[in-house]
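Here is the structure we will look at.
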Amino acid sequence: MKCRVCRGPAVIDLPAHNANFCVEHFVAFCRSQVAKAIHEFRMLAPDDRVLVAVSGGKDSLALWDILLDLGYEADGFVIGLGIGEYSETSTAYARSFAEARGAKLIEVDLRADHGFDVPTAAAETKRPACSACGLSKRHLFDRAALEGGHAAVATGHNLDDEAAVLFGNTLRWNTEYLARQRPILPERDGFPRKIKPLVRLGEREMAAYCVVRGIDYIVEECPMAAGNKHLTYKDALNLVELESPGSKHAFYHQFLRRAADSFDAETTAHDGNRCSRCDAPSANEICAFCALVERCAPPAEVPIDLRARSSR
Ligand code: AMP
Ligand code: ZN
Ligand code: ZN
């Protein structure tokens, strides 16, 4: 097996790209795929500051590493979700990466800063943990980027993630969700831009990237996400990919090219109202995150800054 670029011994084969690479050219390939996605979808201008949401997993740490190497001013952002040892370990990996690269890491802890954690929210709302978790992450990403003056929030969603979500949404023709499948959501009043620069790279590539770059990451999946339907969709797409390399890429990227536009009209416009507690854009008097805080956090633990904001 020879590297496509230098003909030296290859360490990885990528059937979807009909290519094999040595370590050096595999790293260059990953960087160029991220650069290509950023360019194609106009995700970032060269001097945009970007906030990378890091979970301590392979995708977000690889993304952070690549953005720094591409020359972006990229700060990390990690949320302690309070999911026992899993959350402690994921924060620890984010910290050690930041230290090793001399990068800035911004930390928020759900329990310490907002008085609740994901398991409490799941029990209190009697809904799957992923819904309170996703809601909290989206809210805190937006807030951190706006406070930090970052042009965009980058997440580590990769091609496998996006193809699996697209698969689920097309299976059921969830047209409202299809409208939000682009790897970039432009900034709007009160919301920063959201970007997914790994949409040209799969899970296997990201794991290999971390190994060859010596990046330690949390391997375990979130214990609260067990049974998540996306895992089934990923397995199904992996079967197809084995038979027909490049299918995942074609499925997702041809959707963007040929079909995504048809669903645009279905995105709901925001009416300009704001949450009376945190000032985030919200259709209701208080936003979904503040409602969750109110429901899950014992009043005594409501952080000072929230109390000050809510008394306005
Ligand atoms: P998930 O929702 O766990 O599939 O993660 C999707 C993306 O969200 C990751 O690639 C990260 O960019 C981001 N993310 C997940 N968990 C956290 C966390 N605890 N703190 C900050 N960002 C996170
Ligand atoms: Zn090579
Ligand atoms: Zn709010």
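May I ask you to list the chymotrypsin sites (Phe, Trp or Tyr not before Pro) in segment 127-207 that are in a DSSP loop and have at most 13 other Cβ atoms within 10 Å of their Cβ?
Trp173
Taking every protein chain into account, the 1.4 Å probe leaves Asp13 with about 60 Å² of accessible area, to the nearest ten.
Averaging Cα coordinates gives a centre for segment 138-214 and one for segment 221-266; these two points are 13 Å apart.
What FRET efficiency comes out for the pair Arg4/Asp264, r = Cβ-Cβ distance, R0 = 35 Å, nearest 0.05?
On the way: r = 38 Å, r/R0 = 1.07.
Approximately 0.40, to the nearest 0.05.
Starting from the Cα gyration tensor of segment 107-206, take the square roots of the eigenvalues, sort them a ≥ b ≥ c, and report rounded, prolate or oblate (rounded when a/c is under 1.5, otherwise prolate if a/b is larger than b/c, else oblate). Could you put the intermediate results ahead of the total?
Working: a/c = 1.71, a/b = 1.23, b/c = 1.39.
Oblate, because a/c is 1.5 or more while a/b does not exceed b/c.
Report D for segment 1-49 in µm² per second (integer): Stokes-Einstein, Kirkwood Rh on Cα pairs, 10 °C, 1.306 mPa s.
Values: Rh = 11.9 Å.
Value of D from the Cα-based Kirkwood radius: 134 µm²/s.
Legend: translational diffusion of segment 36-95 by Stokes-Einstein, Rh = Kirkwood radius over C-alpha pairs, 25 °C, 0.890 mPa s; D = 198 µm²/s. Computed with a 1.4 Å probe over protein heavy atoms only, the accessible area of Asp261 comes to about 110 Å².
Which longest uninterrupted range of the chain lacks any GluC sites (Glu not before Pro) assigned by DSSP to a loop state (not H, G, I, E or B) and surrounded by at most 12 other Cβ atoms within 10 Å?
1-219
Were the residues from Ala250 through Tyr177 laid out at 0.36 nm apart, the gain over their Cα-Cα distance would be 24.3 nm.
Which number comes out as Rg/Rh for the chain once both Rg and the Kirkwood Rh are worked out on C-alpha atoms?
0.97
Computed from the alpha carbon atoms alone, the convex hull of segment 88-163 holds 133 Å³ per residue. Note on Lys229: lysines with a C-alpha under 19 Å away, same-chain residues under 8 apart excluded, are Lys126, Lys248.
Each principal axis of the Cα cloud of segment 151-279 was taken in turn, and the coordinate range along them, longest first, works out to 47, 34, 28 Å.
Using the Kyte-Doolittle scale, find the helices of the chain whose mean hydropathy is at least 0.0 and whose Cα atoms extend 20 Å or more along the helix's long axis, counting only whole DSSP H runs. Show your work: numbers first, answer last.
Working: long enough: 23-40 (25 Å, 0.25); 84-101 (27 Å, -0.91); 129-148 (28 Å, 0.04); 229-243 (22 Å, -0.39).
Qualifying helices, which must be both long enough and hydrophobic enough, are 23-40, 129-148.
Of Arg138, Arg258, Arg204, the residue with the greatest mean-square motion in the GNM of the chain, using alpha carbon springs below 10 Å, is Arg258. Note on Phe251: accessible area approximately 70 square angstrom, rounded to 10, probe 1.4 Å, nucleic acids and ligands left out. Surface listing: Ser90, Ser244 arranged by accessible area from highest to lowest gives Ser244, Ser90, probe 1.4 Å.
As an exercise, use a Förster radius of 25 Å and the Cβ-Cβ distance of Ala28 and Ala100 to find the FRET efficiency, rounded to the nearest 0.05. Spell out each step's value before the answer.
On the way: r = 21 Å, r/R0 = 0.83.
So, using R0 = 25 Å, E works out to roughly 0.75.
Over the chain, with a Gaussian network built from C-alpha contacts below 10 Å, which listed residue (Leu14, Leu110, Leu201) shows the highest mean-square fluctuation? So, out of Leu14, Leu110, Leu201, the one fluctuating most is Leu14.
The values are calculated or read from the model by the stated rules, or taken from the named source; none is laboratory data. None of the values given here were measured: they were computed from a predicted structure. Don't worry about glycine lacking a Cβ; one is built from the backbone with ideal geometry, like all the others, and counts go over all protein chains shown. Just so you know, the surface numbers come from the protein's heavy atoms only, side chains and all, with ligands and any DNA or RNA stripped out. Shrake-Rupley method; radii C 1.70, N 1.55, O 1.52, S 1.80 Å.
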